[in-house]
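Report on one structure; see the data block that follows.
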Amino acid sequence: MKKIISIPKELSKKGELVVIPKSDYEELLRSQKVTSDDVLRWTRHARFLLKKKKLPELKF
């Protein structure tokens, strides 16, 4: 018999979902490091988008 998993509509509306083992997920989180080069690259890209008036509005 196949196992069935129910996914709440609230989660599925947020975009694509990916299922991976928890240990892989934790390893992925540990390997994520933001460097100063990343921040500078993102800042340059944000300025470019702002000049083109294509910077999306952030909603909190």
Residue with peak Gaussian network fluctuation, the chain [Cα springs, cutoff 10 Å], from Leu29, Leu49, Leu17
Leu17
Under the Karplus relation 6.51 cos²θ - 1.76 cosθ + 1.60, θ = phi - 60°, what is the ordered set of whole-Hz ³J(HN,Hα) values for the stretch 42-50, x standing for Gly and Pro?
5, 5, 4, 5, 5, 5, 4, 5, 5
I want to verify a result. In a Gaussian network model of the chain, Cα cutoff 10 Å, which of these has the top mean-square fluctuation: Lys22, Lys33, Lys14?
Lys14
For the chain, the spread of Cα positions along each principal axis, largest first, Å:
56, 28, 18
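Coordinate-derived values only; no laboratory data. Source: prediction; values computed, not measured.
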